[in-house]
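The values are calculated or read from the model by the stated rules, or taken from the named source; none is laboratory data. If you're wondering where the values come from, they're calculated on a predicted model, not measured in any experiment. Cβ sites come from the backbone with ideal geometry, for glycine too, and all protein chains shown count toward neighbours.
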């Protein structure tokens, strides 16, 4: 694994931070308004993710049957995540939807800083050499703390407040699956639409499986809010 020069990492930091702040601000605003505003965000984001998914699969060095399966799975997974987020926001409310996003964001942040601080054994070196077991644990802890804190405030019921820990694992599995797709396609990012971050799929890879799982739980009445 090559190491980027310090100057390059520093030059990438500002656009990454600015892009992250803008993205979080947009997502939070759309979550707050809900309704058509949130529907527009989901439709636009879902469309971009689907575009990037198809482009990745077309580049992947896979046999035709597996490529066809991935082509079919992509729209189903994206639609499932969109449906899950919509159900949670419209049925359970703003704070419950923010709880979902916050656990995924906390996973990313916790994994990044724990991995940089502690390093150690690689989690899946053949798929994503930069990911470590310490990052996995750091992401789980961050998601646990944020999930329990915000979940208590949101009045989340039907699932334990420590669900943040397994959600942290699920989010990172989504990240690893996308890393495998990019490695098979021979690309670094799924797109170039977000300065410093790549594509939209790069930003929501961990959110997709989390939204599907929690959306299903909300739809069947297992995930509820007090009152």
Hey, can you tell me all the residues within segment 107-155 that are loosely packed, with under 15 Cβ neighbours inside 10 Å, touching a strand residue (DSSP E or B) at 6+ places or on another chain (Cβ under 7 Å) and free of Cβ contacts under 8 Å to residues at least 40 places away in the same chain?
119, 120, 121
Condition (residue is surrounded by fewer than 19 Cβ atoms within 10 Å (Cβ to Cβ), part of a loop (DSSP other than H, G, I, E, B) and touching a residue at least 12 places away in the same chain (Cβ under 8 Å)) applied to segment 174-182: is it met by at least one residue?
no
Can you tell me which of (1) assigned to a helix (DSSP H, G or I); (2) at pLDDT 90 or above is the one residue 159 doesn't meet?
(1)
Among the candidates 61, 37, which residue alone is surrounded by fewer than 20 Cβ atoms within 10 Å (Cβ to Cβ), in a loop (DSSP other than H, G, I, E, B) and over 18 Å from the mean Cα position of the chain (by Cα)?
61
Matching entry among 171, 165, 143 (being more than 14 Å from the chain's Cα centre (by Cα) and outside any loop (DSSP other than H, G, I, E, B))
165
Which one of 220, 216 is surrounded by fewer than 15 Cβ atoms within 10 Å (Cβ to Cβ) and modelled with pLDDT of 95 or more?
220
Apart from one, (1) within 25 Å of residue 224 (Cβ to Cβ); (2) buried (at least 20 other Cβ atoms within 10 Å of the Cβ); (3) modelled with pLDDT under 95 all hold for residue 84; the odd one out is (3)
